[in-house]
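The values are calculated or read from the model by the stated rules, or taken from the named source; none is laboratory data. Everything quoted here is computed from the prediction, not taken from an experiment. Neighbour counts run over all protein chains shown; Cβ positions are idealised from the backbone, glycine included.
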Amino acid sequence: MDFDPVLLSRVQFAFVISFHIIFPAFTIGLAAWLATIEAMRLATGKPVYRRVFDFWLKIFALSFGMGVVSGIVMAFQIGTNWSVLSERTGSIMGPLLGYEGFTAFLLEATFFGIMLLGRDRVSPRFYLFACCMVSLGTMFSSFWIMCNNSWMQVPVGHSIVDGKIIPADWATIVFGPIVAVRWPHMLLAAFLTSGMSILATGAWHLLRGQSDAESRLMLRWGLALVAAIIPIQMWVGHATGTYVHQYQPAKFAAIEARWQTEQPAREVLIAIPDEANQRNLYEISVPKLGSFIATGTWDSKEVGLDTFPPEDRPPVLIPFLTFRLMVGLGLLMWAVSWVGVVLDWCGRLNRTRWFLHIAFWSFPSGFVAVLAGWFTAEVGRQPWVVYGLLRTKDAVTPSLTGGMVAVSLVGYVLVYAVIYSFGLYYIWRLLRDGPGSDPAPGASVTPARPLAVAVQGTTVDDRAA
């Protein structure tokens, strides 16, 4: 049986990057949460903040480690499977990835050790400073990655010399208008992912009658964070759609499942795109709304996929469905957070069990929304790996065979299934055990064991204030 090395390389990269992205999407927001909680502990001296901090620090440590490992594997694939991409774009992509190591990873690696082991070895203010530096490092990391990916989505500030794409204006590449909307969109998505995880964890422990003070703190803070950020994220998301409409019209048409040019354009709310016959099955649409969403007017002309040659059209089914999944989950986060805030104002939050159940089951919404948005961006970019400059089929390593990629893909799946199953299981155990509570009056307090021991898996009992 002959395997297509291009298709399998794409599947392999999609598998690895999909697995990798869930960890940065979680740890970026979680690092900022930890820095905030530590600042509150320092300002108020309340032991509850220390217990919540120690609880999430263990989860952060494990998630951060798995994210680093999966990220290294992802980088290796660029050299093994996509050597033409490396050769043609290395002078731009190489420095951007290098800047991540010199800035972001340097900050994270330097101060992460202090977060784990330095609580009793440095002053409280310096410990807070270390937490802030780790948080800043995770944000820097996302910035350089989004610079790289945004340049691949909309190449700017470059020139072509002897078939190679080289930088001509670094300021445009790094601080251009595309990065200015895509990086905040990703950053806010990470904050929402962490916020939904935190509030869901608080709701879970309240339902179980555990860690009452800590659970209420996590639930209320998580709800407030998501409620404040989600409207901003929707506005930034619309700005991101505007850049797609302007610079990637074929992707925009695919997201809308718009097969023919329309004026005014309807908005397809839901359908099953039939790519073979270039039509939508079971379509539910709203007249003129597509024009308004795209341009703010009710009668604009919106191009369809028939405008582009067949070889330049992206797949339709995946970006059409994943975009709607992302938006739907955003609306779910909005509803959960705002209803929760209203219940809190009314003093009924902790007693409304139906809402606590909904909040708990909303735990994966941020992760799924990030993956859906990423699939929308990457699949919608096809058939280009560098939009308009380098096709995906031309970027793969020439000597690569389908059998070679199939073997490595199976190896990745097996290794990830074994190693990360244990890591995710241990994270679940940490989440299940919870942060602990204040001891009863007169009860003895067992000294907490070092966090490093807990991270190694010996114990999860680190509850002392």
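Quick rundown of the values:
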quantity	calculated
Selected residue (criterion: surrounded by the fewest Cβ atoms within 10 Å (Cβ to Cβ)) from residues of segment 1-38 that are of a type in the set (Phe, Trp, Tyr) and part of a helix (DSSP H, G or I)	Phe15
Matching helices (runs of 4 or more DSSP H) fully within segment 158-253 where at least 1 residues are modelled with pLDDT of 90 or more and under 18 Å from Val336 (Cβ atoms)	177-207, 212-247
Test: residue in segment 300-313 that is polar (S, T, N, Q) and either closer than 21 Å to Met186 by Cβ or without any contact (Cβ under 8 Å) to a residue 24 or more places away in the chain (or both)	no
Qualifying residue in segment 68-76 (condition: within 29 Å of Pro398 (Cα to Cα), touching a residue at least 12 places away in the same chain (Cβ under 8 Å), over 23 Å from the mean Cα position of the chain (by Cα) and part of a helix (DSSP H, G or I))	no
Evaluation of Arg125 against (1) surrounded by 20 or more Cβ atoms within 10 Å (Cβ to Cβ); (2) modelled with pLDDT of 90 or more; (3) in a helix (DSSP H, G or I) (one fails), failing number	(1)
Thr110 vs. criteria assigned to a helix (DSSP H, G or I) and more than 25 Å from Ala213 (Cα to Cα)	yes
Flag for Arg41 being modelled with pLDDT of 90 or more, touching a Phe, Trp or Tyr at 6+ places or on another chain (Cβ under 8 Å), assigned to a helix (DSSP H, G or I) and not hydrophobic (A, V, I, L, M, F, W, C)	yes
Some residue of segment 87-109 being among the aromatic types (Phe, Trp, Tyr), in contact (Cβ under 8 Å) with a residue 24 or more places away in the chain and crowded, with 20+ Cβ neighbours inside 10 Å	no
